[in-house]
Ligand code: NAD
């Protein structure tokens, strides 16, 4: 991988403007490097060594169907080997002074940032993200790791003196210690941030890791692994096995050598399999981050232009393929028509096409399964409601995965499209009489990930903050009604069916989850 020498530009999900020519020149250079890396065959990484793939699967770009690479079709046996290597490496890594672990992890983060352009371009090709979205994902990865390092420093390595009831012969401490080996299972949609972030937390805390990337984003997994190795993580501390969830993911879930498991992905797999099935002999820590059905509420007191922009960005950014995507909007009756006019106008202005091209804001869906979900939702919306804009496949693109951002109205309140996560660019809008109705409908779902509110009225805002059931809320946010959290700024985690722990990534209480407390008493 190559490092650009020019000064780095920091892109977050809240970066609104896409007109920095220096940024685009750097991205184009990264894109050229990325293109040269496509089409190779990749193995799995166990005990500090790349093992050639015995069997492979093909990953093709949703942009134009070109070959991204051939990736190892990992097996349960591969995972067993990786877990065995991790178990050997874990005690030594746990005993490594935390300041040394922090130094390695900071190096890892810096290496990710230094390669942001190339990594973002590879990610765009692999999963169809736009320039700014992919750059944000790469930089978030590095900032998540840095934030967990900051937390270690701010808490003296989580090794703290406790009281002694006045007896100077008694010395007590609270020490947080790693569990041993963590499994990390990642989704396709933030293929670096939701791999490097949680793995970073587990690693800085002194655990070894066995990591399984999504099969829709294996190249991001391979690149992250190369950098973990280059950064100097000792042999066996970071292991990576690509392959199907039913084999690789399942083994991570069943293997007795895994002490803790972090899964990010759908409710269907996260809750029904990972959460329910992980612990066997005794309870083990399992962190499961799942989907959302994220609402935005627009009051009569809202700035409608701001609300429409915030909803458009959150509903359609990366084609609605974010756990935090806005998929429902409840608007107070007097401003319903004006809000819709503004939202439809902004949505029709979205440029769709190859997302590595700077003129395009929106690229393709990740795969044919997502397109089928979109088509099914559109057919139902036509039958049971009214489509204001969108509802079709965009012709003339490199694949048939480009779909038009879709706004639906007049759906019955009990329709499943109000409840089920679709993960496509599809937003339903309803008229409500009161804000309490809106909040009740917003809360009427198993999910509780993010929510947005638009109003200039202080009391309305306080009422929303008091009643909304969501782990991440935004008020009057043009940059994204429900999306765009950043480490150390907006901790990100779900309530209810969106997450199991109530502790948010990039937040104050996250990295501690990869450790267990030991209370130590020493009497002279
Ligand atoms: P997914 O559930 O299909 O897959 C997630 C991962 O689980 C993949 O690596 C997959 O291979 C693996 N897997 C599949 N079967 C498994 C099994 N039986 N055991 C163990 N692992 C298995 O999710 P996806 O389509 O990759 O990602 C989209 C989903 O992720 C959406 O629901 C989205 O809301 C959610 N998500 C949540 C967050 C969050 O922070 N809460 C963030 C991003 C995405």
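With only Cα atoms counted, the stretch 213-298 has Rg and Dmax values of 15.4, 53 Å.
Among bridges DSSP assigns within the stretch 388-524, what percent are antiparallel (round to 5)? Given both bridge residues lie in the stretch 388-524, the antiparallel proportion sits at roughly 40 percent. In terms of the Cα gyration tensor, with a ≥ b ≥ c the square roots of its eigenvalues, is the stretch 15-91 rounded because a/c is under 1.5, prolate because a/b exceeds b/c, or oblate? Since a/c reaches 1.5 and a/b is larger than b/c, the shape of the stretch 15-91 is classed as prolate. From the largest down, the chain spans 74, 60, 46 angstrom on the principal axes of its Cα atoms.
Residues in the stretch 495-524 near a label at residue 162, defined as backbone nitrogen under 15 Å from the 7 Å Cα→Cβ point? Inside the label zone: 516-523.
Beta bridges per DSSP, both residues in the stretch 1-134: antiparallel share near 75 percent.
Peptides 42-52, 139-149 ranked from most to least packed, by the mean per-residue count of other Cβ atoms within 10 Å: 139-149, 42-52. In this structure, residue 29 and residue 394 have a Cβ-Cβ separation that, at R0 = 41 Å, corresponds to a calculated FRET efficiency of about 0.90. Could you calculate the FRET efficiency of residue 38 with residue 153 from 1/(1 + (r/R0)^6), where r is the beta carbon distance between them and R0 is 51 Å, rounded to 0.05? FRET efficiency, residue 38 to residue 153: 0.85.
Using Cα-Cα distances under 8 Å and only pairs 6 or more residues apart, what relative contact order does the stretch 58-128 have, in percent? Present the calculation step by step, with values, prior to reporting the outcome.
On the way: 32 pairs, mean separation 33.1, N = 71.
RCO, the stretch 58-128: 47 percent.
All C-alpha to C-alpha distances of the stretch 89-180, sorted into 10 Å bins beginning at zero, yield P(r) values of 15, 30, 24, 19, 7, 4, 1 percent in whole numbers.
Peptides 163-172, 352-361, ordered by how many other C-beta atoms sit within 10 Å of their residues on average, highest first, read 352-361, 163-172.
Counting pairwise Cα distances across the stretch 406-524, what percent come out greater than 21 angstrom? Here the tail beyond 21 Å accounts for 49 percent of pairs. Extents of the stretch 158-216, largest first, come to 59, 18, 12 Å (Cα atoms, principal axes, whole angstrom). Overall, the anisotropy analysis places the stretch 304-361 in the oblate class: the square-rooted eigenvalues a ≥ b ≥ c of its C-alpha gyration tensor yield a/c not less than 1.5, with a/b not exceeding b/c.
Under Stokes-Einstein, with the Kirkwood radius over Cα pairs standing in for Rh, what whole-number D in µm²/s applies to the stretch 337-380 at 10 °C and 1.306 mPa s? If you can, show how the numbers build up before the last one.
Details: Rh = 12.4 Å.
Once the numbers are plugged in, D ends up at 128 µm²/s.
If I stretch the segment between residue 95 and residue 341 completely, what's the gain in nm (0.36 nm per residue apart, minus their alpha carbon distance), one decimal?
Length gained between residue 95 and residue 341: 82.5 nm.
Highest mean packing first, where packing is the average number of other Cβ atoms within 10 Å per residue, the peptides 174-185, 115-126 line up as 115-126, 174-185. A straight line joining the Cα centroids of the stretch 242-304 and the stretch 450-519 runs 17 Å. Length gained on full extension, residue 508 to residue 50, computed as 0.36 nm times the residue gap minus the Cα-Cα distance: 161.4 nm. Taking the C-alpha atoms only, the angle from helix 333-348 to the longest principal axis of the chain is near 70 degrees.
Compute the Rg/Rh shape ratio of the stretch 72-135: radius of gyration over Kirkwood radius, all on alpha-carbon atoms.
Numbers: Rg = 16.9 Å, Rh = 14.8 Å.
Looking at the stretch 72-135, the ratio lands at 1.14.
Here the chain carries DSSP beta bridges of which approximately 40% are antiparallel, counting only pairs with both residues inside. The angle between the Cα long axis of helix 304-316 and the main principal axis of the chain comes to about 60°, on a 0 to 90 degree scale.
Remark: the residue 300-residue 433 segment gains 46.9 nm on full extension, using 0.36 nm per residue and subtracting the alpha carbon distance.
For the stretch 325-413, the alpha-carbon coordinates run over 42, 27, 21 Å along the three principal axes, in decreasing order.
Measuring nothing but how far apart in sequence close Cα pairs (under 8 Å, 6+ apart) lie, relative to its length, the chain scores a relative contact order of 18 percent. Rg to Rh ratio, the stretch 210-369, alpha-carbon atoms and Kirkwood radius? Ratio of gyration radius to Kirkwood radius: 1.09.
Rule-based calculations on the coordinates, nothing more; no lab input. As the structure is a computational prediction, the values presented were derived from the model and not from experiment. Note that each Cβ is placed from the backbone with ideal geometry, even for glycine, and that neighbours are counted across all protein chains shown.
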